[in-house]
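Working notes, structure below.
The numbers here are math on the coordinates, done by the rules we state, and not lab data. Every value quoted in this text rests on a predicted model; they were computed, and no experiment measured them. All Cβ positions, even for glycine, are placed from backbone atoms using ideal geometry, and neighbour counts span all protein chains on display.
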Amino acid sequence: MQTQPKASHFIDGDYVEDTNGDRIEVVYPATGEVIATVHAATPAVIEQAITAAHKAQKVWASMTGTERGRVLRRAADIMRLRNHDLSVLETWDTGKPYQETSVADATSGADALEYFGGLAGSLTGEHIQLGENWVYTRREPLGVCVGIGAWNYPTQIACWKGAPALACGNAMIFKPSENTPLCALKVAEILMEAGAPAGIYNVVQGMGAVGAALVTDPRVDKVSLTGSVPTGRKVYAAAAEGIKHVTMELGGKSPLVIFDDADLEDAVGGAIMANFYSSGQVCSNGTRVFVQKGIRKRFVARLSERLGNAVFGDPMDPATSFGPLVSARQLEIVMGYIAKGVEEGATLVRGGERLDQPGFWLTPAIFDNVTDDMTIAREEIFGPVMSVLEFKDEDEVIARANDTEFGLSAGVFTNDLKRAHRVIAQLEAGTCYINSYNDAPVEAPFGGMKNSGVGRENSKAAIEHYSQLKTVFVRMGPVEAPF
Ligand code: NAD
């Protein structure tokens, strides 16, 4: 099968296999078929990856930023040329429809490689004059960075972490989610083809235990995790033990606030983008949709009508616009939440049904009459389940929107310019949208407040999280000592 990887891991510039590791079956979510098998990294494989990364990092850091950037930009070009094949692989790995993967995954990974490739040559410290003395700062790499990925965007996450890390002169060891192990191997292959030194970007497979082994190794300097809040707590704590740098991209239960004066079609389109892209498996999703009283009924009716246009079918067919969930387990979790919503008294307007076919298919669900205390309004579901909550006025909705442990994203739909900015300024979230939702251009910082995360990915802000400053004081005159 074309998806069968050459081997499980990619270390020191080549594929590596160790069949002593636990078998991990890769299941195509659209059919439930096993399409590939990889093995979890054994301690020997982990050792090999850390040794290779450590060695390569010194070589890579000694190159100029322009030279490093050239490699990243070449890798971006290769990714764009192979967009079709990479998109097909992303669809095999995740089940997301090709209609999405062909425009949102390898393309977004290539954007990151291109953007950070462009920045690499401009990374500098500064000069601070102090009379005749002076200070200069050097922007230095951190060393070996570990990236740990979630399963919803395997190519994108591998690049969002790898590109800034490599631009700053670090080496990376990336552990993909055990649900989607295939795509990151291709990212590693492409970086090598583009001229990156062997060992600068490595991929090792495994479950949480492999991630934990990497995080606790004293030769690892930084950990960037994309995952759930409970995993984030564990990884953050383990990293703290070694005082390591961290970036935590965690979960959310984000508010999307729709005022009466919003353009109805835009607000409905925004709510669809905020809840049903990638079958709802997006961390920043605006799953608590607060709709003002005067527009709520029309909003729900139009939304329900537009959901009827979703096309289910073979994810490889470009006409298909809605795919399955990633795994049997995720399907079970999401169906559990739907049952809970009904049990707690929310109105299931449409959807939430399993399709009678193999694979992990579920129709997109809208709940109306949801109240703040319901489980579906409080917990991250990570599936195609939208909750509609009615509100009356601005102050009330701000307080309710902020009443959550999470703070990843937030959105506002209104045609009142002043209100849009006033409300966004008061929402406790790291990545916000006005009359839009879920755009993630590489030029803009992305990340969460509160329990949704620490640090930022993308943009110039990511450089701060993959480099450190060394301060050098230079005295030009004699040293005055007390004795
Ligand atoms: P998860 O937390 O179960 O797993 C994430 C990764 O962490 C996996 O690779 C897993 O193997 C690894 N892991 C698990 N335990 C570990 C440990 N003790 N030490 C080290 N690594 C460990 O998350 P998931 O189910 O794969 O993904 C869904 C979650 O990810 C959702 O909560 C979603 O919101 C979040 N997410 C966040 C972002 C973001 O950028 N903020 C993006 C995508 C997904």
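So between residue 136 and residue 483, what do we pick up on full extension, going 0.36 nm a residue minus the alpha carbon distance?
Extra length available between residue 136 and residue 483 comes to 122.1 nm.
Taking amide H atoms as placed 1.01 Å from N in the peptide plane, list the residues 5 or more away in sequence, or in a different chain, whose amide H sits under 5 Å from that of residue 35.
Under 5 Å from the amide H of residue 35: 26, 27, 28.
Could you size up the charge dipole of the chain around its Cα centre, putting +1 on the beta carbon of Lys and Arg and -1 on that of Asp and Glu, and report it in debye to the nearest 20?
Here the size comes out at about 860 debye.
Ordered by residue, what ³J(HN,Hα) values in Hz, to whole numbers, does the stretch 218-228 give under the Karplus form 6.51 cos²θ - 1.76 cosθ + 1.60, where θ = phi - 60° and Gly and Pro are x?
Per-residue couplings from phi come out as x, 7, 8, 9, 8, 10, 10, 10, 10, x, 7 Hz.
Between residue 4 and residue 416, what is the label-point separation in nm under the 7 Å Cα-to-beta-carbon projection?
Each label point lies 7 Å from its Cα, and together they span 6.3 nm.
Quick one: what are the phi-derived ³J(HN,Hα) couplings along the stretch 247-253, Karplus 6.51/-1.76/1.60 with θ = phi - 60°, whole Hz, x for glycine and proline?
In residue order, the calculated couplings are 10, 10, 9, 10, x, x, 8 Hz.
With θ set to phi - 60°, apply the Karplus curve 6.51 cos²θ - 1.76 cosθ + 1.60 along the stretch 152-166 and write out the HN-Hα couplings as whole Hz, x wherever there is a Gly or Pro.
With the stated coefficients, the stretch 152-166 comes to 7, 9, x, 6, 4, 5, 4, 8, 4, 8, x, 5, x, 4, 6 Hz.
What translational D, rounded to a whole number of µm²/s, comes out for the stretch 230-363 from Stokes-Einstein when the hydrodynamic radius is the Kirkwood one over Cα pairs, at 37 °C and 0.692 mPa s?
The estimated diffusion coefficient comes to 191 µm²/s.
Cross-link partners among lysines for residue 297, C-alpha distance below 21 Å, same-chain residues fewer than 8 apart left out?
392
What is the Cα coordinate range of the stretch 413-483 on the first, second and third principal axes, sorted by size from largest, in whole angstrom?
69, 25, 24
So, in nm, how far is label residue 19 from label residue 443 when the simple model puts each one 7 Å beyond its Cα toward the Cβ?
5.1
State the extension gain, in nm to one decimal, for the chain segment bounded by residue 399 and residue 66, taking 0.36 nm per residue of separation less the distance between their alpha-carbons.
The span from residue 399 to residue 66 would gain 115.1 nm if fully extended.
Once amide H atoms are built 1.01 Å from N in the peptide plane, which residues 5 or more positions from residue 362, or in another chain, come under 5 Å H to H?
325, 355
Would you please give the FRET efficiency between residue 357 and residue 392, computed as 1/(1 + (r/R0)^6) with r the Cβ-Cβ distance and R0 = 60 Å, to the nearest 0.05?
The computed FRET efficiency comes out at 0.90.
Regarding the stretch 301-416, what's the average projected area of the Cα-atom convex hull, expressed in nm²?
Mean shadow area of the hull around the Cα atoms is 9.0 nm².
How big is the antiparallel share of DSSP beta bridges in the chain, given as a percent to the nearest 5?
Just about 45 percent of them are antiparallel.
Restricting things to Cα coordinates, could you compute the convex hull volume per residue of the stretch 217-282 in Å³?
Spelled out: Cα convex hull of the stretch 217-282, divided by residues, is 109 Å³.
What residues have an amide H closer than 5 Å to that of residue 407, excluding those fewer than 5 places away on the same chain, when H is modeled at 1.01 Å from N in the peptide plane?
It is 253, 449, 451, 452, by chain and number.
Quick one: dipole size for the stretch 386-447, taken about the Cα centre, charges +1 on Lys/Arg Cβ and -1 on Asp/Glu Cβ, in debye to the nearest 20.
Roughly 160 debye for the stretch 386-447.
For the ranges 88-98, 215-225, 120-130, what's the packing order if you count other beta-carbon atoms within 10 Å of each residue, average per peptide, and put the highest first?
88-98, 215-225, 120-130
Net charge near residue 137: determine it from the other residues with C-beta under 11 Å of the C-beta of residue 137, scoring Lys and Arg +1 and Asp and Glu -1.
Net local charge, residue 137 excluded: +1.
Do you know the relative contact order of the stretch 207-315, to the nearest whole percent, from alpha carbon pairs under 8 angstrom that are 6+ apart?
After rounding, I find 22 percent.
Using the C-alpha gyration tensor of the stretch 95-138, what are the square roots of 5 times its eigenvalues, in whole angstrom, with the largest one first?
Equivalent ellipsoid semi-axes, largest first: 44, 8, 5 Å.
If you project the alpha carbons of the chain onto the principal axes, what extent comes out on each, in Å, largest first?
Extents along the principal axes, in whole Å: 77, 59, 39.
Can you check what the net charge comes to around residue 48, using other residues whose Cβ is under 10 Å from the Cβ of residue 48 (Lys, Arg +1; Asp, Glu -1)?
Within the 10 Å Cβ shell, the charges total -3.
Consider just the alpha-carbon atoms of the stretch 76-216 and return their Rg together with their Dmax, both in angstrom.
Using the Cα atoms of the stretch 76-216, the pair Rg, Dmax is 17.3, 63 Å.
Run the dipole for the stretch 1-90 about the Cα centre, Lys and Arg Cβ at +1, Asp and Glu Cβ at -1, nothing else charged, and hand back the magnitude in debye, nearest 20.
Rounded to the nearest 20 debye, it is 600 debye.
I want to check the label-to-label distance for residue 474 and residue 309. Put each point 7 Å from Cα in the C-beta direction and report it in nm to one decimal.
That separation, rounded to one decimal, is 6.3 nm.
Could you give the length gained on full extension between residue 243 and residue 80, defined as 0.36 nm per residue of separation minus the Cα-Cα distance, in nm?
Length gained between residue 243 and residue 80: 54.9 nm.
In the structure displayed, which of 161/234; 96/161; 340/418 lie more than 30 Å apart, Cα to Cα?
The pairs that break the limit, which is 30 Å between Cα atoms, are 340/418.
Kindly state, as a whole number, the per residue volume in cubic angstrom of the convex hull around the alpha carbon atoms of the stretch 383-434.
Dividing the Cα hull volume of the stretch 383-434 by its residue count gives 99 Å³.
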